[in-house]
Amino acid sequence: MTRDTLLLIGREADDGRAVLERHAATLGDRAGVDAVSVVTYDREPVRDMRDALRDVPGDRVFAVPVCAAHDHHTVDGVPAALSYVEGEVRYCEPTGTSPAVTEVLADRGSSHVRPSEASLILIGFGSSSLPFNRQAVEYHASRLRRLSDFGEVVSAFLLQNPTVDCARYNVTNDQAVAVPLFVPRSTATGVRVPEELELDRGGIEYADPLGDHPKVTEALYAEFCKQRALSGGEMEATFEGSLAATRRPMAADGEGLSE
């Protein structure tokens, strides 16, 4: 019988591993999941994760990056590191692109303000070279405008326009709440965003990141179930499948796989 493992991969942010382990504890009893593993990295995914990845059990390993969207690590270093997994790897979409995350963002914001009387500022990291984080933010912002009770939804980014430091001038309601599209807490959510929003001036409430919200757990399980149902097809036909098939550790860096 084929054993299927759900592998949660994330950054070693302030509470990054703890958040992943809380999701893992809930997911361990779900149908179809024979095992759940958690692996984290700091700056170099291959070097930081290769030893742990060698020990991941299972005939098929469904690797989910627990992050808002693909970034430089998840399109390069992470899929390269997955070469060290013994079983067949199914590389999955990041958690933060799930439709269920829209509900988490609405929940986070509405816990601070009355939505019908307030603006929601959706904050992402952004990137000057990769589109994925901006696409995720704009996707959820569009859904929040249609599906939530917030009177206004605007986007802001740490690295792109419209920037976070201008966000308070881009809302029209007297009340506003800023919701970060990040999974664990980090220097970005704990220091950079509050400083650039100038929270000490008042007028903007600040919500928690996605964290261990139960709907994030559901998004992880839904991605596992989707990829498991598609496991008879060609993974290389998907974006994540092509990454897992083509990215490899570089021998020139001393990271190449031994034959």
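The values are calculated or read from the model by the stated rules, or taken from the named source; none is laboratory data. Note that this is a predicted model, so its numbers are computed, not measured. Positions of Cβ are backbone-derived with ideal geometry, glycine not excepted, and every protein chain shown enters the neighbour counts. Please note that ligands, DNA and RNA were not included when accessible areas were found on the heavy atoms of the full protein model with its side chains. Shrake-Rupley method; radii C 1.70, N 1.55, O 1.52, S 1.80 Å.
Sort out which residues of segment 1-27 are under 21 Å from residue 67 (Cβ atoms) and not in a helix (DSSP H, G or I), and write them in order of number. Full working, then the answer.
Here is the first cut: in segment 1-27, the residues under 21 Å from residue 67 (Cβ atoms) are 5-27.
If the condition is that a residue be under 21 Å from residue 67 (Cβ atoms) and not in a helix (DSSP H, G or I), then 5, 6, 7, 8, 9, 10, 11, 12, 13, 14, 15 are the ones that fit.
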Given (1) within 22 Å of residue 169 (Cβ to Cβ); (2) open to solvent by 10 Å² or more (accessible area, probe 1.4 Å), identify the lone condition not met by residue 132. (1)
Residue hits (segment 169-206; within 30 Å of residue 21 (Cα to Cα), hydrophobic (A, V, I, L, M, F, W, C) and either free of Cβ contacts under 8 Å to residues at least 24 places away in the same chain or assigned to a strand (DSSP E or B) (or both)) are 177, 178, 179, 191
Condition broken by residue 223, with the remaining ones in (1) surrounded by 17 or more Cβ atoms within 10 Å (Cβ to Cβ); (2) under 18 Å from residue 124 (Cβ atoms); (3) among the charged types (D, E, K, R) satisfied: (2)
Identify, from the list 164, 193, 153, the residue that is more than 17 Å from the chain's Cα centre (by Cα), over 11 Å from residue 121 (Cα atoms) and buried (at least 21 other Cβ atoms within 10 Å of the Cβ). 193
Scanning segment 2-18 for residues that are open to solvent by less than 60 Å² (accessible area, probe 1.4 Å) and touching a helix residue (DSSP H, G or I) at 6+ places or on another chain (Cβ under 9 Å) gives 4, 6, 7, 8, 9, 10, 13
Which number in (1) closer than 21 Å to residue 65 by Cα; (2) open to solvent by 70 Å² or more (accessible area, probe 1.4 Å) marks the one condition that residue 200 misses? (1)
Does segment 164-175 include one or more residues that are at pLDDT 95 or above, polar (S, T, N, Q), under 14 Å from residue 203 (Cβ atoms) and in contact with a helix residue (DSSP H, G or I) (Cβ under 7 Å, 6 or more places away or on another chain)? yes
Restricting segment 116-129 to residues that are in a loop (DSSP other than H, G, I, E, B) and open to solvent by less than 50 Å² (accessible area, probe 1.4 Å), the one modelled with the highest pLDDT turns out to be 126
So for segment 51-66 (the condition being touching a helix residue (DSSP H, G or I) at 6+ places or on another chain (Cβ under 8 Å), in a loop (DSSP other than H, G, I, E, B), open to solvent by 20 Å² or more (accessible area, probe 1.4 Å) and of a type in the set (A, V, I, L, M, F, W, C)), does at least one residue qualify? no
Long-range neighbours under 9 Å by Cβ, at least six apart or interchain, first residue within 22 Å of residue 185 (Cα to Cα) within segment 67-96, second among the hydroxyl-bearing types (Ser, Thr, Tyr) and open to solvent by 30 Å² or more (accessible area, probe 1.4 Å): 68/97; 69/97; 70/97; 72/129; 93/238
Going through segment 98-115 in order, the residues found to be open to solvent by less than 80 Å² (accessible area, probe 1.4 Å) and either more than 17 Å from residue 206 (Cβ to Cβ) or of a type in the set (Ser, Thr, Tyr) (or both) are 98, 99, 100, 101, 102, 110
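If you go through segment 35-45 one residue at a time, do you hit one that is surrounded by 20 or more Cβ atoms within 10 Å (Cβ to Cβ), modelled with pLDDT under 95 and not polar (S, T, N, Q)?
Keep residues of segment 35-45 that are surrounded by 20 or more Cβ atoms within 10 Å (Cβ to Cβ), which gives 36-41, 45.
Among the residues that remain, those that are also modelled with pLDDT under 95 are: none.
No.
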Are there any pairs, at least 6 apart or on different chains, whose C-beta atoms fall under 7 Å, with the first in segment 148-165 and without any contact (Cβ under 8 Å) to a residue 12 or more places away in the chain and the second surrounded by fewer than 18 Cβ atoms within 10 Å (Cβ to Cβ) and assigned to a loop (DSSP other than H, G, I, E, B), and if so, which? 162/170
